[in-house]
Structures are given as structure tokens and as C-alpha cells.
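Down below is the structure, laid out as C-alpha cells.
Every number in this text was worked out from the coordinates using simple rules, so none of it is lab data. If you're wondering where the values come from, they're calculated on a predicted model, not measured in any experiment. Virtual Cβ from ideal backbone geometry, glycine too; neighbours counted across all protein chains shown.
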Number of protein chains: 2
Amino acid sequence: MKIDPKSSADLSAQIAKSIRDAIISGEMIVDERLPSEAELADQFQVSRPTVREALKRLAAQNLIRTQRGASGGAFVRRLSYDEAFAQHITTSTLLLSMNAVDFETACEARFALERACARLSAKRRTPDHLATMRAEIHRQAQPGLSDERFCDSDVAFHRALVDGASNPVLSYQLAGAVEAMQPLMNMITFTQRNRDVIIGLHTRIADALEAQDGAAADTALAELTAYTLTLGEEAMAARAAAKAQSER
Amino acid sequence: MKIDPKSSADLSAQIAKSIRDAIISGEMIVDERLPSEAELADQFQVSRPTVREALKRLAAQNLIRTQRGASGGAFVRRLSYDEAFAQHITTSTLLLSMNAVDFETACEARFALERACARLSAKRRTPDHLATMRAEIHRQAQPGLSDERFCDSDVAFHRALVDGASNPVLSYQLAGAVEAMQPLMNMITFTQRNRDVIIGLHTRIADALEAQDGAAADTALAELTAYTLTLGEEAMAARAAAKAQSER
DNA sequence: CAATTTTCATTTGTCTGACATTTAATGTTT
DNA sequence: AAACATTAAATGTCAGACAAATGAAAATTG
């Protein structure tokens with residue numbers, strides 16, 4: 001592990017990269033202990049604060065964990081699905097909000113991916129998944145539910161659908177698309193009629209999965225896509241109108 | 001922005017979280033300047049090194065960039081697709097390697113997602129995308145191509161397929177699945193016959209997209225999925241046999 | 001007056017040295 | 001043998017300093 005003294009980049013960034021590469025390449029394995037801060041400082045010929053900054057960078061990426069005390073130090077960390085999920089969702093959400101991705105694009109991506117799971121989910125869904133979906137449908141039908149709670153339930157429903165495919169990699173990749181959409185979905189005002197239509201489609205999807213009919217689930221999802229798109233367009237139009245009004 | 005002095009967590013982690021939340025919530029907008037390190041230290045009642053560690057954590061997540069000099073400082077950074085891509089791929093790759101995801105699971109996820117793009121790509125692919133795919137097919141047919149280069153080309157081909165859908169969000173989510181598979185794909189030894197079959201399927205996919213026939217593309221992708229799975233199984237079996245041999 | 005150079009204040013990058021805190025291992029006592 | 005105290009090693013935090021970059025203001029020059 002070496003660093004380039006001529007590089008203009010921060011030393012801490014270079015050191016972090018050096019260690020990160022060692023971890024990613026498999027040169028360092030899970031739970032392996034890194035040298036102590038003092039040793040690293042010596043090795044890279046920098047001071048301890050600089051090493052510490054590098055280690056904090058790695059900690060921010062969940063690549064290492066640190067432990068205080070006698071036999072403490074920095075250890076290569078096993079990246080768990082949950083952490084990867086959280087990271088992925090944060091990044092996806094930021095990407096959408098900072099780059100002003102339009103509703104249509106995000107919606108299309110989300111449902112295209114979800115439909116990819118439908119077939120597998122129809123084959124493998126367990127009674128547990130079906131129960132979760134039914135429960136969320138029931139929740140969505142409750143009167144007086146706020147739009148935000150309705151969206152939460154919607155995400156939970158679709159999450160169950162995706163998890164039904166019983167493929168953690170698929171669930172992981174999908175989580176980003178589904179959850180990152182939520183801020184955009186939250187802009188929509190759901191009338192009772194809107195909700196009825198969505199609940200109807202959700203029921204059809206759940207029925208199709210229960211009957212292990214992948215094609216029917218796909219069709220219902222396609223309809224849900226189209227319907228969500230029209231809702232989104234209306235919401236965006238209303239938003240634009242309100243903005244024009246306030247600027248007048 | 002406040003921190004909890006009673007918390008057992010590192011101060012730098014708390015400070016980082018506090019600032020991160022402000023950025024994610026939209027409280028701080030892109031290109032906005034954070035207070036200087038000295039001011040932050042004052043504000044949070046900690047020393048400058050601690051603040052710096054917090055800032056390095058944020059820098060590692062591409063949430064801020066720093067600039068030296070008179071009117072320098074830390075600025076909220078616009079997360080670009082490219083950076084998000086890189087981050088996503090790194091995380092996905094680590095997730096697969098550290099959690100020993102089996103070939104079958106990763107392969108299934110990858111192709112399920114890819115098939116989700118096929119329909120859209122058939123509709124929207126440009127001559128550019130087609131040209132890229134044809135070029136990669138041509139490259140794959142070249143004699144003497146190493147297995148690794150063959151895989152590279154394979155990824156490039158599928159990337160073009162995905163990009164053909166012209167949905168950056170879709171491309172972003174897919175990139176993780178496709179690229180993270182590469183280390184697993186690299187374990188496979190591709191015989192000439194293997195390559196011929198794959199190239200044939202690639203050609204069928206390209207033809208289908210050119211004809212804007214989504215269904216045909218989907219069928220060819222399904223066949224490619226099945227074929228890749230058998231190749232993977234063989235490779236894993238060979239690997240297991242070699243291991244048993246060496247342990248005997 | 002305009003253009004160029006110099007100076008200067010600000011801010012991040014890095015270093016030194018110190019102390020606090022946590023924790024496991026070791027030693028001591030009962 | 002078990003409970004307790006000691007110690008050493010490691011990270012966490014701090015204070016203060018200097019280096020380096022950089023933009024803006026001031027001084028100089030043509």
C-alpha cells in the first residue's frame with residue numbers, strides 16, 4: 001500500500017483510497033484488523049490526524065468499524081444488506097432530488113423494475129408475503145388516512161411484492177428505485193376515487209400472485225403504471241399552475 | 001443543527017449526521033457554502049480536528065466538496081450520475097463478494113432487471129445504441145480474446161441494451177446489478193462453443209431491438225439467462241471439484 | 001487611467017504533542 | 001478459584017501551530 005507524494009489530492013483521500021482498494025480487491029478480508037493509527041501514520045509517513053481522517057472516510061462508507069480499548073482498532077466490516085439498503089436509498093433519493101428527475105422518468109423506471117419481479121414473485125411468494133400485501137391493502141382503505149401514510153403503505157405493499165421474489169439481490173436493487181420515488185409520490189394528493197382505483201389494482205395484483213399467475217400480475221402492474229403516471233402528471237400540472245399563480 | 005452530548009457515538013459521527021440530514025432534507029441546497037471549520041467547531045463546541053473528521057465523512061459520500069483559499073470552504077455538492085454509478089457499483093460488488101451471494105441468485109436478479117429494460121429499449125434504442133451492440137458482438141467474435149476481455153465486452157453490450165431505454169434512473173439502478181455480476185462472470189471459462197452460443201443470442205437480441213420487437217428481445221434474453229445459468233453451474237461445480245481435489 | 005504586481009487576510013491541509021476514555025489482559029488479594 | 005485492582009494499548013478529543021492555496025484589495029508601474 002503506497003501513496004503518491006506528488007499527487008495534488010489530499011493525503012487522507014489517497015490513504016483512504018489505498019486502503020479501500022485493498023478491501024475491495026479482497027486483499028483484506030472481513031474482520032481483519034488494520035494496523036493501529038500510529039502504525040499507519042508511520043507506514044504512510046503522515047501524522048495521526050491525517051490517518052484518522054482517512055479512516056473516517058472509510059467508516060462513512062461502512063467499510064470499517066472501529067473499536068476502542070486494548071485490543072481495539074479498525075476492522076474490515078462485513079457490509080450487511082440493511083446498511084447497503086440504507087446507503088442505496090439515500091444515494092438514489094439524493095440523485096433524484098438534486099438532478100430534478102421528472103416524475104415520468106422515475107415512475108417508468110420503478111414500475112419497469114417492479115414488473116421484472118412480478119413473474120418471480122408469482123412463483124415464489126409465501127403466505128407471509130401475501131398476508132403483508134393484504135394487510136397493507138386493508139390499511140390503504142381506512143378512512144382518514146393521510147396522503148403520506150397512504151404512500152408509506154403503498155411502498156410497504158410494493159416492497160412485499162418485490163420481496164416475494166425471494167432474491168435479496170433483486171430486493172436490494174429495487175429498494176432504491178421504489179423508495180427514492182417516495183418524495184415524488186408524496187407530492188400527489190390522493191382523492192378517494194384515486195385511492196379506490198389504486199386499491200382495486202393492488203387487490204388484483206395480490207390475487208394474481210396468490211393464484212401464481214404472473215401474466216395477470218404483470219397486466220395489473222402495467223395498468224397501475226399508467227394510472228400512476230396520469231396522477232403524477234396532474235399533480236405536476238397543478239404544481240406548475242400554483243407556481244405561475246404565485247409569480248403573477 | 002444540534003448534537004447530543006450524552007450520546008455514546010463519536011462526536012464526528014454525530015456532527016456528520018447532523019449536517020447530512022440538513023443536506024438530504026433540502027435545508028441546504030446545492031453549492032451552498034457550509035460555515036468554515038473554525039465556525040463549525042465553535043457552533044458544535046468541539047475542536048477543529050473533530051469537525052474535520054466529520055467533514056471527511058461527508059466528503060467520502062460525495063455530499064460536499066472542499067476548496068482551499070480565501071473564499072474557499074466546504075460546499076454542498078451536486079451528486080452526479082457518474083459518481084452515484086461508481087458508488088452504487090462499489091457497494092453492489094462488495095455486497096455480493098462479502099456475503100457470498102451465489103451465482104444463481106445474482107444471475108437471476110441481473111437478467112430479470114435487464115428484461116425489464118428490453119421492452120423500453122426496443123421502443124427507443126437509437127442507431128448509436130445498435131451500433132455499439134453490433135461493435136461489441138464483433139469484438140466478442142474475435143479469435144484469441146481473453147475470457148476477461150470477453151466479459152468486458154459482454155458488460156458493454158448489456159450496458160448499451162440498458163441505455164437504449166433512455167431512462168437514466170433505469171440505467172443507474174441496472175448498472176449495479178450488471179457490473180456487480182462481473183467478478184462472478186469472470187470465474188467462468190468460455191469455450192469457443194460457449195461463445196458462439198452467446199454471440200448468437202446477442203445477435204438475436206440486437207436484431208430484435210433493431211426491429212423494435214420487444215417480445216423477441218425478451219425471449220432471447222430469457223434463453224440467455226438460462227444458458228448463463230448452466231455455464232455458471234458448471235463453473236461452480238468445476239471449482240468445487242478442484243477444491244475437493246486440493247484438500248484430498 | 002489602466003494594467004500589472006504585490007500584499008494580505010481567509011480558509012483548508014497537515015503536524016506535534018498532549019490528555020481522556022475505553023477495554024482487555026494481567027496481576028493481586030481474599 | 002473468584003473477585004477486584006492495575007496496567008497497557010488503542011481510539012477519541014483537544015489546543016496550538018505552521019504550510020499552502022486563493023481570491024480580493026492595495027500598491028505600483030507603464
Quiz item: What FRET efficiency would be calculated for the residue pair A:Arg68, A:Gln182, taking the C-beta separation as r and a Förster radius of 45 Å, to the nearest 0.05?
Solution: 0.75
Quiz item: What does the charge add up to near A:Gly164, with Lys and Arg as +1, Asp and Glu as -1, over the other residues with Cβ less than 10 Å from its Cβ?
Solution: +2
Quiz item: Expressed as a whole percent, how much of the Cα-Cα distance distribution for the protein assembly as shown exceeds 32 Å?
Solution: 49
Quiz item: Can you give the calculated 222 nm mean residue ellipticity of the protein assembly as shown, where each DSSP H run of n ≥ 4 adds -39,500 (n - 2.57) and the sum is split over every residue, rounded to the nearest 500 deg cm²/dmol?
Solution: -23500 deg cm²/dmol
Exercise. Give me the distance between the Cα centres of region A:55-77 and region A:104-169, rounded to whole Å.
Key: 36
Quiz item: For B:Gly26, what is the net charge nearby, where nearby means another residue's Cβ is under 14 Å from its Cβ and Lys, Arg count +1, Asp, Glu -1?
Solution: -2
Quiz item: How much net charge surrounds B:Thr191 when only other residues with a Cβ under 14 Å from its Cβ are counted (Lys, Arg +1; Asp, Glu -1)?
Solution: -1
Quiz item: Order of B:152-161, B:175-184 by packing, highest average Cβ count within 10 Å first?
Solution: B:175-184, B:152-161
Exercise. Compute from the Cα atoms of region B:161-248 the Rg and the Dmax, the latter being the longest Cα-Cα distance, and quote both in angstrom.
Key: 16.1, 55
Quiz item: If each residue's Cβ is checked for other Cβ atoms within 10 Å, how do B:Met133, A:Met236 rank with the fewest at the top?
Solution: A:Met236, B:Met133
Quiz item: Across peptide B:228-237, what mean number of C-beta atoms from other chains lies inside 10 Å of a residue's C-beta?
Solution: 0
Quiz prompt | Virtual spin-label span in nm between B:Ser47 and A:Arg149, 7 Å along Cα→Cβ | solution = 5.0
Quiz item: Mind listing P(r) for region B:82-247? All alpha-carbon pairs, 5 Å bins, whole percents.
Solution: 1, 9, 17, 22, 21, 15, 9, 3, 1, 1, 0
Practice problem: Could you tell me which of A:Ile188, A:Tyr81, A:Leu113 has its Cα farthest along the dipole of chain A towards the positive end, charges placed at Cβ (Lys, Arg +1; Asp, Glu -1), taken about the Cα centre? | Solution: A:Tyr81
Quiz item: How crowded by other chains is B:75-87, given as the mean number of beta carbons from other chains within 10 Å of each beta carbon?
Solution: 3
Quiz prompt | Nonlocal Lys pairs with alpha-carbon distance under 20 Å, the protein assembly as shown (8 or more apart, or different chains) | solution = 11
Quiz item: What is the order of A:His88, B:His138, fewest Cβ neighbours within 10 Å to most?
Solution: B:His138, A:His88
Exercise. Shielding by partners for A:49-59, please: the mean number of other protein chain Cβ atoms within 10 Å of each residue's Cβ.
Key: 5
Self-check item: Over region B:11-76: Kirkwood hydrodynamic radius from C-alpha pairwise inverse distances, Å
Solution: 11.7
Quiz prompt | chain A - charge dipole about Cα centre, Lys and Arg +1 at Cβ, Asp and Glu -1, debye rounded to 20 | solution = 500
Quiz item: Relative to the Cα centre, what is the charge dipole magnitude of the protein assembly as shown, using +1 at the beta carbon of each Lys and Arg, -1 at the beta carbon of each Asp and Glu, and rounding to the nearest 20 debye?
Solution: 940
